[in-house]
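Student: Take this structure first; my questions come after.
The values are calculated or read from the model by the stated rules, or taken from the named source; none is laboratory data. Small disclaimer: the values here were computed from a predicted structure and weren't measured. Cβ: placed from backbone, ideal geometry, glycine included. Neighbour counts: every protein chain shown.
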Amino acid sequence: MIDHDLARAWLRALAPPPIVAPTTFAESQIILPASANALPGPLRLYPYQREPVDAVADDDVEIIVLMLASQTGKSTTINAILGHCIASDPGPMLHVSPTGSRSEEFVRERFDPLVLSSPALRALIGKGQDTRKGSSGGVNSVAAKSFPGGQLSFASSFKADELAARAIKFLFLDEIDRFAKSAGAEGDPIGLAVKRTTTFKAKGRKIVIVSTPTTRVGSRINEWYLRGDQRKYFVKCADPDCGHSAPLAFENLKWEPSRPETAHIVCEACGVVHDERTRRSMIEAGFWQATASGEKGIRSYHLTELSSLFSTMASVAQQYDAAVTPEQKQAFYNTTLAQVYDAGTEVELSSSELQQRAEKVAPPYAANLVFVSAGVDVQSNRLEVTFLGHHADQTFSVLNHLKLPGDTSGNAVWQQLDAAMGSTFSTTDGRLVPVLIQGIDSGFNADQVVEFVRMQRRQSRAAYAVKGKEGFDRMPLAQGGRLKGQLRLLIVGVDAVKLAVQKALRLDDLSPGLIRLPDHLDEDYFEGLASEQLRARVVKGAPRYEFHRTVRRNEPLDCLVYAVAIARHRDVQATISKPPTPTQPKPSFVASAKRLAALSQPMR
């Protein structure tokens, strides 16, 4: 006779675990630890986290690509997927970090605290198959975690031996844009890791690829994102008469200058302004939508901080305002907007385009010409000098560029430069504008530079020895030491000034900062202006920008940089910007020039 109660017990024991949606498991079983979360306690997924988490249980999806900004709950999303796979769909798993130290950091600071705070995971991790000796056979280390039905191993992208060997069902590739280019001599670490999932292809394998992007060329996460269906998080305009749906775009974020707290989103369809409270409500009701067909089995997601409930519009605006150097802008676009970015693309110059844009710049010059600065580059066999006109509307004009051939260790060529510095520039209102201030490169034949500067000062001409220093964090113009122990040296932060000059050369409308180029200069001049490109190289996983020379002669660019930088001298700015007092008339330009005679003394 069959014992029905015993039979039902057997059936219950032999039955497979109930199928639970990954989000359901995560929110019912995962407890966020206080040590690694601003909001500890039972996990509550935000609307934009839910679909990517549930995608791991979708039979039509093999590869999940997450190109996510910071402050979007990226770690929580990954932990939710990891927890579901361990508890509900166990199998061999591999988690790959950029480096070994990052892998250990993930285990000690993220994964272990999550396991300890979540009873459902704590009961599984460190357990394994029983052995004849009675041991559980469990593993619980920074290198591996076993659990009934599988094991989670941790690896570095730099170590080929950790990416090879046994088959893997679940593969997690974390921050792939910071992975090694090659795992030793074995090749691409991503390819090596993906190859380990071949056994489970079409048999339930899941590959989760995560990262913020880096540069446009070489961003692995962007390449994977483009291979997928390119899902974006859409929100609906809060105006009931509009109903337009679109991702929250940075281009539609507006705020008053230097006041990020005024940030608001403008609907691109109807122009309605949405405040922070409205934005959050829109995100709560948002949805993911594919924007491309993509390769079969690859689902890719892109999310910016603007669509995150962990961030605010004011925070995004503040981060943008604070991003000044190329590295800071790189970080903003990569981590805040999750977009690939190359600062060099903003300042790419073409010598032919510059020459085509050249115009007639000749005397008499516009009446709004305020003063002229000069920048000099010193080579062994010549001097080159650019005369830069500064206009009242905050635009500039290259008035002329001279090449003075001669041995710069002798006196003859310096006498030619002295004569050139005595030039005046006539204006339509009858003025003769002299060279107000000079910056002379001291990187070559410094003794002659010292003598020339002293000669200029004896003639009451404001002249300074300058030296360029790289680094985008440098001031455009700052005091340095003493040249040959005799003359105060000014340091030009050439990277920052070059970047500003190249941006100005790209302007094509009459706006502040525009630099007009004269059409009487030869082709070599324009090639020299476009002689350097801003390029990024990855150092310890982060892009670092440097200017690289693309043609041999870059003197026109250097001269222009020195002419721009020296005009920032505090005495020049004080003289030009000083307003007239009520008791005296506004000083004439000649009077202003005389006031600058004080510059003939060395800076102290």
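Student: If you scan the range 419-435, which residues turn out to be farther than 19 Å from Ala567 by Cα and either in contact with a helix residue (DSSP H, G or I) (Cβ under 8 Å, 6 or more places away or on another chain) or assigned to a helix (DSSP H, G or I) (or both)?
Tutor: Hits for the range 419-435 are Ala419, Arg431.
Student: Looking at the range 146-170 only, could you name the residues that are under 34 Å from the mean Cα position of the chain (by Cα), closer than 12 Å to Ala193 by Cα and aliphatic (A, V, I, L, M)?
Tutor: Passing the criteria: Ala155, Ala160, Leu163, Ala164.
Student: Here is a further query. Scan Asp441, Asp429 and give me the residue that is among the acidic types (Asp, Glu) and touching a strand residue (DSSP E or B) at 6+ places or on another chain (Cβ under 8 Å).
Tutor: Answer to the selection: Asp441.
Student: Next up: What's the total number of residues in the range 185-201 that are of a type in the set (D, E, K, R) and not in a loop (DSSP other than H, G, I, E, B)?
Tutor: To start, the set of residues in the range 185-201 that are of a type in the set (D, E, K, R) comprises 186, 188, 195-196, 201.
Filter again for not in a loop (DSSP other than H, G, I, E, B), leaving 195.
Here the count works out to 1.
Student: What are the residues in the range 251-283 that are within 24 Å of the chain's Cα centre (by Cα) and exposed (fewer than 12 other Cβ atoms within 10 Å of the Cβ), if any?
Tutor: Glu251, Glu256, Pro257, Ser258
Student: In addition: Is it true that some residue in the range 529-549 is outside any loop (DSSP other than H, G, I, E, B) and at pLDDT 90 or above?
Tutor: Yes; the residues of the range 529-549 include at least one that is outside any loop (DSSP other than H, G, I, E, B) and at pLDDT 90 or above.
Student: Which residue, of Ser311, Ser397, is in contact (Cβ under 8 Å) with a residue 24 or more places away in the chain and out of contact with any strand residue (DSSP E or B) (no Cβ under 7 Å at 6 or more places or on another chain)? Write out each step before concluding.
Tutor: Values: Ser397 fails: out of contact with any strand residue (DSSP E or B) (no Cβ under 7 Å at 6 or more places or on another chain).
Answer to the selection: Ser311.
Student: Pick from the range 436-492 the residues that are outside any loop (DSSP other than H, G, I, E, B) and acidic (Asp, Glu): which of them is surrounded by the most Cβ atoms within 10 Å (Cβ to Cβ)?
Tutor: Ranking the candidates gives Asp441 first.
Student: A further question on this structure: Only one residue in Trp255, Trp288 is more than 30 Å from Val208 (Cα to Cα), of a type in the set (Phe, Trp, Tyr) and in contact with a helix residue (DSSP H, G or I) (Cβ under 9 Å, 6 or more places away or on another chain). Which one?
Tutor: Details: Trp288 fails: more than 30 Å from Val208 (Cα to Cα).
Exactly one residue qualifies, and that residue is Trp255.
Student: Checking the condition crowded, with 20+ Cβ neighbours inside 10 Å and in contact (Cβ under 8 Å) with a residue 40 or more places away in the chain, which residue from Ala536, Ala504, Ala500 passes?
Tutor: Going through Ala536, Ala504, Ala500 in turn, the sole match is Ala536.
Student: Pick out, from the range 222-305, the strands (runs of 3 or more DSSP E) lying fully within it that include 3 or more residues that are hydrophobic (A, V, I, L, M, F, W, C) and free of Cβ contacts under 8 Å to residues at least 60 places away in the same chain.
Tutor: Hits in the range 222-305: 259-266.
Student: For the range 314-335, enumerate the residues that are in contact with an Asp or Glu (Cβ under 8 Å, 6 or more places away or on another chain) and either in the same structural domain as Lys503 (by TED's automatic domain parsing) or part of a loop (DSSP other than H, G, I, E, B) (or both).
Tutor: If the condition is that a residue be in contact with an Asp or Glu (Cβ under 8 Å, 6 or more places away or on another chain) and either in the same structural domain as Lys503 (by TED's automatic domain parsing) or part of a loop (DSSP other than H, G, I, E, B) (or both), then Thr325 is the only one that fits.
Student: Moving to a separate point now. Which of the residues spanning the range 161-177 are crowded, with 17+ Cβ neighbours inside 10 Å and either modelled with pLDDT of 90 or more or not assigned by TED's automatic domain parsing to the domain that holds Ala193 (or both)?
Tutor: Correct list: Ile168, Lys169, Phe170, Leu171, Phe172, Leu173, Asp174, Glu175, Ile176, Asp177.
Student: Just checking, how many residues over the range 105-126 are of a type outside the set (Val, Ile, Thr) and either free of Cβ contacts under 8 Å to residues at least 40 places away in the same chain or at positive phi (or both)? Please lay out each step first, then the result.
Tutor: Kept after step one, since they are of a type outside the set (Val, Ile, Thr), are these residues of the range 105-126: 105-106, 108-114, 116-124, 126.
Going one step further and asking which of them are either free of Cβ contacts under 8 Å to residues at least 40 places away in the same chain or at positive phi (or both), we end up with 105, 108, 111-112, 122-124, 126.
Final tally of qualifying residues: 8.
Student: Looking only at the range 361-395, filter to residues that are modelled with pLDDT of 95 or more and either acidic (Asp, Glu) or not assigned by TED's automatic domain parsing to the domain that holds Ile440 (or both); which one of those is farthest from Val497 (Cα to Cα)?
Tutor: Per the criteria, the residue is Glu384.
Student: Then there's this: Is it true that some residue in the range 319-333 is surrounded by 22 or more Cβ atoms within 10 Å (Cβ to Cβ), under 33 Å from the mean Cα position of the chain (by Cα) and in contact (Cβ under 8 Å) with a residue 24 or more places away in the chain?
Tutor: yes
Student: Say we look at the range 226-244 and pick out the residues that are over 20 Å from Arg299 (Cβ atoms) and small (Gly, Ala, Ser); which of these is modelled with the highest pLDDT?
Tutor: Taking the candidates together, the pick is Ala238.
Student: When you scan the range 242-300, how many residues do you find that are more than 27 Å from Glu51 (Cβ to Cβ) and aromatic (Phe, Trp, Tyr)?
Tutor: 1
Student: Would you pick out the residues in the range 550-575 that are more than 23 Å from His401 (Cβ to Cβ) and modelled with pLDDT under 80?
Tutor: Within the range 550-575, Asp571, Gln573, Ala574, Thr575 qualify.
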